[in-house]
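Let me begin by presenting the structure, written as structure tokens, before commenting on it.
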Amino acid sequence: MSPLSSERLLAIWEHGVIRHPLDRALLLYAQVRPDLAPDQLADRPLGDRNAALMRLRWRNFGPRLALWLDCPSCGERMEFELTAEQLPTMLAPPESVEVDGQLYRCPTSRDLAQLVGCTDVDTATRQLAQACGASPERCAQIESAIEAADPWADLALEFCCPACAYVGEASLDIAAYLWEEIDCKARSLLDDIHLLAQAYGWNEAEILALSDSRRSAYLARVMA
Ligand SMILES: [Zn+2]
């Protein structure tokens with residue numbers, strides 16, 4: 001997997017910017033798994049999607065993720081960097097897990113789409129477990145079995161607040177994180193195209209065909 005070209009990144013942004021976050025995630029997933037049809041991607045375990053998006057992120061923006069979090073107890077802002085070593089090993093997640101002789105499906109993007117509009121986390125978690133075949137009284141047990149089998153499905157990060165020592169867990173939404181970066185990069189590319197087109201009269205395709213370093217060199221001259 002090579003990094004996305006400027007042209008490709010803008011095309012992805014153009015398709016994704018008008019879509020629901022879940023569809024954006026699938027659009028990005030398709031960049032890593034061009035061998036699978038959209039319907040197949042929607043039915044893959046969430047952990048497989050998230051691991052693929054993380055690889056896409058590393059390839060395009062480097063291996064370190066800058067994160068911040070406000071302590072839920074005292075409000076202190078914590079800033080930290082997340083590296084690959086701090087994340088679970090990337091193993092292909094199973095399609096299902098076995099608990100007491102019965103099989104339960106691992107949650108997929110299609111399952112998440114059924115929860116759109118549900119604002120309560122506990123209700124959503126319960127509905128998700130039920131979509132995977134868990135009966136209401138076994139939800140918690142099935143949830144932990146799925147979590148153990150597919151740790152990438154919900155990337156939970158433990159933290160300890162340096163100000164008040166509060167210990168908690170936060171989830172990293174890699175799809176939203178990566179989209180934010182793509183959105184930012186696309187808007188900055190559009191700004192560059194706008195400036196260079198005005199200054200030199202080149203068209204969009206010509207400007208996108210320039211390497212990043214050559215484009216920056218011309219931009220520096222326009223700004224000087
Ligand atoms: Zn705190």
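So the values come out like this:
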| quantity | calculated |
| --- | --- |
| Selection count, region 177-211, where residues are over 29 Å from LEU65 (Cβ atoms), aromatic (Phe, Trp, Tyr) and surrounded by 16 or more Cβ atoms within 10 Å (Cβ to Cβ) | 1 |
| Boolean, ALA92 is in contact (Cβ under 8 Å) with a residue 24 or more places away in the chain, hydrophobic (A, V, I, L, M, F, W, C) and assigned to a loop (DSSP other than H, G, I, E, B) | yes |
| Lone qualifier among ALA186, ALA197 - being within 27 Å of the chain's Cα centre (by Cα), away from the ligand (no atom under 16 Å from the Cβ), at pLDDT 95 or above and not in a loop (DSSP other than H, G, I, E, B) | ALA186 |
| Tabulated pairs, region 154-176, first hydroxyl-bearing (Ser, Thr, Tyr), second surrounded by fewer than 14 Cβ atoms within 10 Å (Cβ to Cβ) and not in a strand (DSSP E or B), C-beta under 8 angstrom, 6+ apart or interchain | TYR166/PRO72; TYR166/SER73; TYR166/CYS74 |
| Residue list for region 22-50, restricted to those being part of a helix (DSSP H, G or I) and loosely packed, with under 14 Cβ neighbours inside 10 Å | PRO38, ASP39, GLN40 |
| Residues within region 74-127 that are charged (D, E, K, R) and closer than 24 Å to TRP58 by Cα, tallied | 3 |
| Options GLY117, GLY62, GLY75: the member that is surrounded by fewer than 16 Cβ atoms within 10 Å (Cβ to Cβ) and within 18 Å of the chain's Cα centre (by Cα) | GLY62 |
| Checklist (1) buried (at least 20 other Cβ atoms within 10 Å of the Cβ); (2) on the phi > 0 side of the Ramachandran plot applied to GLY133, failing item | (1) |
| Check on ALA156, within 27 Å of ARG24 (Cα to Cα), under 21 Å from the mean Cα position of the chain (by Cα), assigned to a helix (DSSP H, G or I) and of a type in the set (A, V, I, L, M) | no |
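Every residue, every condition in (1) under 22 Å from ALA11 (Cβ atoms); (2) more than 24 Å from the chain's Cα centre (by Cα), yes or no:
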site: THR125; (1), (2): no, no
site: PRO162; (1), (2): no, yes
site: VAL167; (1), (2): no, yes
site: GLU206; (1), (2): yes, yes
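A quick yes/no check of all residues on (1) more than 16 Å from the ligand (Cβ to nearest atom); (2) touching a helix residue (DSSP H, G or I) at 6+ places or on another chain (Cβ under 7 Å); (3) modelled with pLDDT of 85 or more:
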{"residue": "ARG110", "(1), (2), (3)": "yes, yes, yes"}
{"residue": "GLN114", "(1), (2), (3)": "yes, yes, yes"}
{"residue": "GLN127", "(1), (2), (3)": "yes, no, yes"}
{"residue": "ALA148", "(1), (2), (3)": "yes, no, yes"}
{"residue": "PRO162", "(1), (2), (3)": "no, no, yes"}
{"residue": "TYR166", "(1), (2), (3)": "no, no, yes"}
{"residue": "ALA176", "(1), (2), (3)": "yes, yes, yes"}
{"residue": "GLU180", "(1), (2), (3)": "yes, no, yes"}
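The values are calculated or read from the model by the stated rules, or taken from the named source; none is laboratory data. All figures in this text were calculated on a predicted structure; none of them were measured in a lab. A quick note on method: Cβ atoms are made from the backbone with ideal geometry, for glycine too, and the neighbour counts reach across all protein chains shown.
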